[in-house]
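The values are calculated or read from the model by the stated rules, or taken from the named source; none is laboratory data. Model, not experiment: these values are computed from the prediction. Ideal geometry is used to build each Cβ from the backbone, glycine not excepted, and the neighbour counts take in all protein chains shown. Surface areas here come from the heavy atoms of the whole protein model, side chains and all, with no ligands, DNA or RNA. Shrake-Rupley method; radii C 1.70, N 1.55, O 1.52, S 1.80 Å.
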Amino acid sequence: MYNIVKIPGDGIGTEITESVTAILDAAGADINWIECEAGEATYKKTGNPLPEETFEAIEEHRIALKGPLTTPVGAGFRSINVALRQKFDLYSNIRPAKSLPNIESPYRAVDLVLFRENTQGLYIGKEHWVDENEEHAESIAVVTRQASEKIITAAFEYAKRYNRKKVTLVHKANILKLTTGLFLKIGKEVSKNYPDIIFEDLIVDNMAMQMVLNPQQFDVIVTTNLFGDILSDLASGLVGGLGVTGAANIGDDAAMFEAVHGSAPDIAGQGKANPTALLFSALMMLEYLDEYRTAEKIRSAVYTVLQDHKEKCTPDVGGRGTTKSYTEAICKLLID
Ligand SMILES: NC(=O)C1=CN([C@@H]2O[C@H](COP(=O)(O)OP(=O)(O)OC[C@H]3O[C@@H](n4cnc5c(N)ncnc54)[C@H](O)[C@@H]3O)[C@@H](O)[C@H]2O)C=CC1
Ligand SMILES: O=C(O)CCCC(=O)C(=O)O
């Protein structure tokens, strides 16, 4: 029995975590869920978006399934998502984007895995006002050799393990010569340890265009935090949207699984959120635990429902169903 911290989160979080835990139960996954709170709703209730008990539970059990957490825009408390990644040094944010059956998209056969450095870069929100009138702001990007080596090595190790042919490193070293220049330099060094894997680098603006024009050319991608954030949403758009892309945050001794998407306030409480993204994150969690057979059984049920019961699927992927009808269809296949 695995003890796993479950944080439902904000917005659509409760709807999709209920769905995912029901599906994992139906598949016979042997999990004891330790339910904890975090996020905006928790902040409104308690004045603290990350209660000490939640932090301690992750510290003790080292593994969590987390729904999306809302972060206020422009002011207010800082991202708890980012804080958790930093606190547990979850340096690898792994975000696969793979074409799925029976989902309309201009693209076929996309199958890429994006590795996003998860603890530093421009994303850490190290900002300050330069003047008293708050009309001049500065933001600091942090890139270190140690963190860059870790994420780039993780990307190459993944490519080696899963027989992937190419790693593309994405940077902006023409402009950000020190920070992303360092990242690129380390990429070139690390690539020498993997002579059987093709290594290429692209500047991020070109990369964005290439991903839209010909995404099938990409295999494993590795990049800094903010670029990875943006390009992984783009990658989701290539395969059916944010409702279908899972993700893993992995460190040396802890891991947190969450979807690529956020709390989707525009559809929260309407029963139409697609739980597939969080479900795919949970499958990455099962694989992390070496529970490959259970993960495969669930993935196969998802593919069958998309292929043969499209009417039960959520509207974002062209279905006429709800979170509930989709969840029930998957559970039925798993139980039968
Ligand atoms: N890791 C996390 O917990 C993340 C949290 N956020 C937070 O979420 C909040 C909302 O951010 P947004 O920019 O609106 O991005 P979002 O990812 O929540 O939503 C973007 C669009 O995708 C749709 N969408 C997202 N997930 C979906 C799903 N499972 N099924 C169907 N449609 C889905 C939404 O309805 C919306 O139209 C913000 O406070 C942001 O900071 C954003 C990204 C990641
Ligand atoms: O923390 C937030 O609210 C936004 C974080 C966004 C992000 O890092 C992601 O897409 O995973």
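The stretch between residue 304 and residue 56 holds 85.4 nm of extra length on full extension. This uses 0.36 nm per residue minus the Cα-Cα distance. The residues 213, 286, sorted by heavy-atom accessible surface at 1.4 Å with ligands and nucleic acids left out, run 213, 286 from largest to smallest. Residues whose amide H falls under 5 Å from that of residue 319, counting only those 5 or more places apart or on a different chain, are 314, with hydrogens built in the peptide plane. Which of the three applies to the chain, rounded, prolate or oblate, going by the alpha-carbon gyration tensor with a ≥ b ≥ c and a/c under 1.5 meaning rounded? Since a/c reaches 1.5 but b/c is at least a/b, the shape of the chain is classed as oblate. Taking a Cβ cut-off of under 14 Å around residue 227, the surrounding Lys, Arg, Asp and Glu residues balance to a net charge of -2, with basic ones at +1 and acidic ones at -1.
Annotation: residue 36 carries an accessible surface of approximately 20 Å², with a 1.4 Å probe and no ligand, DNA or RNA atoms counted. Basic side chains Lys and Arg get +1 at the Cβ, acidic Asp and Glu get -1 at the Cβ, and with that the dipole of the chain about its Cα centre reaches some 1080 debye. Here the Gaussian network model covers the chain, with springs between Cα atoms less than 10 Å apart; of 218, 77, 199, 77 fluctuates the most. Antiparallel versus total DSSP beta bridges in the chain: what percent is that, nearest 5? Taking every DSSP beta bridge with both residues in the chain, the antiparallel ones total about 45 percent.
Taking the chain as a Gaussian network of alpha-carbon nodes connected by springs under 10 Å, the highest mean-square fluctuation of the residues 269, 11, 187 belongs to 269.
Per atom type, the chain shows carbon and sulfur on 51% of its accessible surface, probed at 1.4 Å. The solvent-accessible area of residue 201, taken with every protein chain present and a 1.4 Å probe, is close to 60 Å².
Annotation: amide H-H contacts under 5 Å for residue 221 (H modelled 1.01 Å from N, sequence separation of 5 or more, or interchain): 113, 114, 115, 168.
Between amide H atoms placed 1.01 Å from N, distances below 5 Å from residue 118 occur with 93, all of them 5 or more places distant or on a separate chain.
Ellipticity at 222 nm from helices only: DSSP H runs of n ≥ 4 in the chain, each -39500 (n - 2.57), divided by the residue count, give -12500 deg cm²/dmol. How would you classify region 225-273 from its alpha-carbon gyration tensor, with a ≥ b ≥ c the square roots of the eigenvalues: rounded for a/c under 1.5, else prolate if a/b is greater than b/c, otherwise oblate? Judged from the Cα gyration tensor, region 225-273 comes out oblate (a/c at least 1.5, b/c at or above a/b). Accessible area per residue (1.4 Å probe, heavy atoms of protein chains only) ranks 169, 182, 333 as 333, 182, 169, with the largest value leading. Given +1 at the Cβ of Lys and Arg, -1 at the Cβ of Asp and Glu and no other charges, the dipole of region 120-238 around its Cα centre is 940 debye to the nearest 20. Overall shape: prolate for region 156-268, with the ratio a/c of the largest to smallest alpha carbon gyration tensor axis at 1.5 or above and a/b above b/c. Heavy-atom accessible area for residue 261, with the other protein chains in place and a 1.4 Å probe, reaches approximately 30 Å². The listed residues 132, 200 rank as 132, 200 when sorted by accessible area, largest first, using a 1.4 Å probe. Relative to the Cα centre, the charge distribution of region 202-336, modelled as +1 at Lys and Arg Cβ and -1 at Asp and Glu Cβ, gives a dipole magnitude of about 640 debye.
At 15 angstrom or more along the helix axis (alpha-carbon based) and mean Kyte-Doolittle of 1.0 or higher, what helices does the chain contain? Whole DSSP H runs only.
276-288
Counting Lys and Arg as +1 and Asp and Glu as -1 over every other residue whose Cβ lies under 11 Å from the Cβ of residue 144, the net charge comes to 0. Based on protein heavy atoms only, region 120-238 ends up with 53 Å² per residue of surface accessible to a 1.4 Å probe. Available extension along the chain between residue 135 and residue 188 is 15.1 nm, counting 0.36 nm per residue and deducting the alpha carbon span.
Which of the listed residues, 318, 29, 167, is farthest toward the dipole's positive end in the chain, when Lys, Arg count +1 and Asp, Glu count -1 at the beta-carbon? Checking the options against the dipole of the chain, the answer is 167.
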